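Notes for the one structure printed next.
The values are calculated or read from the model by the stated rules, or taken from the named source; none is laboratory data. Treat the numbers as computed from the prediction; the structure is a model and nothing was measured. Note that we place each Cβ from the backbone using ideal geometry, even for glycine, and neighbour counts take in every protein chain shown. The protein model used for the area step is the full one, side chains on, heavy atoms only, and it has no ligands, DNA or RNA in it. Shrake-Rupley method; radii C 1.70, N 1.55, O 1.52, S 1.80 Å.
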Amino acid sequence: MKASKYFVVTFCLVLLCTLAVPGIAMADEQDKATQLTFSGPVEVPGQVLPAGTYWFVLANTDSDRNTVQIWNADRGHLVTTILAIPDFRLKARGKTIINFEERAADQPEAIHSWFYPGDNYGEEFVYLKARAMQLAKQTNRPVLSMRDDRASNTAPIAQRAVNAVSPSGEEIEIADIVSSQPVDMPEEEETASSLPTTASLLPLLGALVLLSLAAGLGLRTLTERLR
């Protein structure tokens, strides 16, 4: 009778582990938390990130504009907050995709967009107007931009006016480039070591299940010997 009770308790522990761990994974998939390691400096709107490891996290998904937070390696310091617009690609990839703008040889690569594994929709970064004009001229295509002035900076980042600039420097409607066909650009597929934490939870789940089962069998065997 006691053995049966131990078995029931062990089964409940296994079930609890099975339900609890995927809950963490769903949270990561919701905010798209992704650990990225760059071997060299990379440019994001407003600054250049030194080589190193960072976390990209989607902070807001309630509108057609998303806010991307970039954290340091241990997620103890918020490096910067970036305004982004949903970007679309025809073919989803099973790995994290970082698209870069074309650049001069003496400049760090500038991130154009970020795609979470398996998603067709990613995040296209919005650059300040002056920098967006430079990137548009270098790449010979429109780049998303927002103004850098006091009137714009007083509004929350998700509410700032966004448009685009053409290679000639003219402002154009954002719909003109968001609705256009995707274009080929340099991209980088992150390796398995820098995939989101959702992938690393599966071995943990398996270990917890096996450990719980082993503990249950051990308790049952010990109880039978004590009879």
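Looking only at residues that are assigned to a strand (DSSP E or B) and either aromatic (Phe, Trp, Tyr) or modelled with pLDDT under 75 (or both) in segment 39-75, which one is nearest to residue 108 (Cα to Cα)?
Filtering segment 39-75 down to residues assigned to a strand (DSSP E or B) leaves 42-44, 47-49, 52-60, 66-71.
Cutting the leftovers down to either aromatic (Phe, Trp, Tyr) or modelled with pLDDT under 75 (or both) gives us 54-56, 60, 71.
On the way: 54: 16, 55: 19, 56: 19, 60: 28, 71: 19 Å.
Looking at the filtered set, the residue picked out is 54.
Please count how many residues of segment 65-108 are among the aliphatic types (A, V, I, L, M), under 15 Å from the mean Cα position of the chain (by Cα) and over 20 Å from residue 135 (Cβ atoms). Can you show your working first?
Start the filter on segment 65-108 by keeping residues that are among the aliphatic types (A, V, I, L, M), which leaves 68, 70, 73, 78-79, 82-85, 90, 92, 97-98, 104-105.
Then drop every residue that is not under 15 Å from the mean Cα position of the chain (by Cα), which leaves 68, 70, 73, 78-79, 82-85, 92, 97-98.
Cutting the leftovers down to over 20 Å from residue 135 (Cβ atoms) gives us 73, 78-79, 92.
Qualifying residue count, segment 65-108: 4.
Mind listing whichever residues of segment 100-112 are farther than 15 Å from residue 66 by Cα and open to solvent by less than 20 Å² (accessible area, probe 1.4 Å)? Walk me through it before giving the result.
So the first thing to find is which residues in segment 100-112 are farther than 15 Å from residue 66 by Cα, and the list is 100-111.
Passing the criteria: 100, 101, 110, 111.
Taking residue 36, is it touching a helix residue (DSSP H, G or I) at 6+ places or on another chain (Cβ under 8 Å), of a type outside the set (S, T, N, Q) and at pLDDT 85 or above?
Judged against the criteria, residue 36 is a match.
If residue 116 meets every condition in (1) closer than 20 Å to residue 40 by Cα; (2) modelled with pLDDT of 90 or more apart from one, which number is that one?
Here residue 116 clears every test but (1).
Give just the number: which of (1) in a loop (DSSP other than H, G, I, E, B); (2) modelled with pLDDT of 90 or more does residue 91 not satisfy?
Tallying (1) in a loop (DSSP other than H, G, I, E, B); (2) modelled with pLDDT of 90 or more, residue 91 fails exactly one: (2).
State all residues of segment 113-139 that are open to solvent by 10 Å² or more (accessible area, probe 1.4 Å), not polar (S, T, N, Q) and not in a loop (DSSP other than H, G, I, E, B); if no residue qualifies, say none.
Applying the first criterion (open to solvent by 10 Å² or more (accessible area, probe 1.4 Å)) to segment 113-139 yields 116-121, 123-124, 128-131, 133-134, 137-139.
Filter once more, keeping what is not polar (S, T, N, Q): 116-119, 121, 123-124, 128-131, 133, 137.
Selection gives 121, 123, 124, 128, 129, 130, 131, 133, 137.
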